[in-house]
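A.B. asks: Quick one: the structure is below, and I'll ask about it shortly.
The values are calculated or read from the model by the stated rules, or taken from the named source; none is laboratory data. None of the values given here were measured: they were computed from a predicted structure. Cβ: placed from backbone, ideal geometry, glycine included. Neighbour counts: every protein chain shown. In case anyone asks, the SASA skips ligands and DNA or RNA and just uses the protein heavy atoms, side chains included. Shrake-Rupley method; radii C 1.70, N 1.55, O 1.52, S 1.80 Å.
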Amino acid sequence: MNHAFRKACQTDLVDIIRLLADDDIGQGREVVADPVDRRYQTAFDAIDADKNQLLAVAVDQKHHVVGCLQVSFIPGLSRTGTWRGQIESVRIARQARGSGLGTEFIEWAIETCRARGCKIVQLTSHKSRAGSIRFYEKLGFAASHEGLKLSL
């Protein structure tokens with residue numbers, strides 16, 4: 001595959017927001033605007049400054065952003081002080097879906113977690129995204145827990 005994965009930089013922010021907005025759920029909760037909504041900039045700055053956060057992008061041969069995800073590295077006391085990698089906000093550009101990029105990107109994220117000493121990698125996917133859930137199950141993820149969220 002002819003893609004590279006790297007830490008996102010400031011100039012990727014517009015492309016990341018577009019990816020987040022490019023699905024049925026994202027259309028209702030993201031704001032695609034020029035200039036970028038200040039809330040995204042504030043969030044990007046916080047993520048970028050936190051050593052336990054990794055906002056990553058997948059880029060094609062022309063250096064266009066075609067995917068994004070965020071990994072949070074979470075220390076914990078359970079399981080004798082095990083670190084976890086939490087993968088969120090995974091998006092692949094429409095034109096790249098079905099190409100194997102998603103598999104390659106998630107495998108890269110898992111290896112990044114392993115390199116950081118994580119013993120568990122976890123993620124959530126909206127229940128309406130049945131195809132995404134099947135995709136993650138094919139990669140070895142198991143629905144071993146029920147996830148609950150509370151919007152504030």
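A.B. asks: Can you list residue pairs whose Cβ atoms sit under 6 Å apart, with the first residue in the range 85-97 being over 13 Å from Val57 (Cα atoms) and the second being open to solvent by 50 Å² or more (accessible area, probe 1.4 Å)? Count only pairs 6 or more apart in sequence or on different chains.
C.D. replies: Gln86/Ile74; Gln86/Gln122
A.B. asks: Looking for whichever is among the aliphatic types (A, V, I, L, M), surrounded by fewer than 18 Cβ atoms within 10 Å (Cβ to Cβ) and under 21 Å from Ala58 (Cβ atoms) here; the options are Ile133, Ile120. Which one fits? Break it down into steps so the answer makes sense when it comes.
C.D. replies: Values: Ile120 fails: under 21 Å from Ala58 (Cβ atoms).
Going through Ile133, Ile120 in turn, the sole match is Ile133.
A.B. asks: Take Ser99 and decide whether it is open to solvent by 60 Å² or more (accessible area, probe 1.4 Å), modelled with pLDDT under 95 and of a type in the set (S, T, N, Q).
C.D. replies: In short, no.
A.B. asks: Inside the range 1-59, can you point out the residues that are of a type in the set (Asp, Glu), over 15 Å from the mean Cα position of the chain (by Cα) and under 20 Å from Thr112 (Cβ atoms)?
C.D. replies: Hit for the range 1-59 is Asp50, nothing else.
A.B. asks: Just to verify a result, which residue in the range 39-53, among those that are more than 15 Å from Lys7 (Cβ to Cβ) and free of Cβ contacts under 8 Å to residues at least 12 places away in the same chain, is least open to solvent (accessible area, probe 1.4 Å)?
C.D. replies: Ala43
A.B. asks: Checking Arg79 against (1) touching a residue at least 60 places away in the same chain (Cβ under 8 Å); (2) loosely packed, with under 14 Cβ neighbours inside 10 Å: exactly one of these is not met. Which one?
C.D. replies: Against the list (1) touching a residue at least 60 places away in the same chain (Cβ under 8 Å); (2) loosely packed, with under 14 Cβ neighbours inside 10 Å, Arg79 comes up short only on (1).
A.B. asks: Is there a residue being in contact with a strand residue (DSSP E or B) (Cβ under 7 Å, 6 or more places away or on another chain) and of a type in the set (A, V, I, L, M) anywhere in the range 123-143?
C.D. replies: yes
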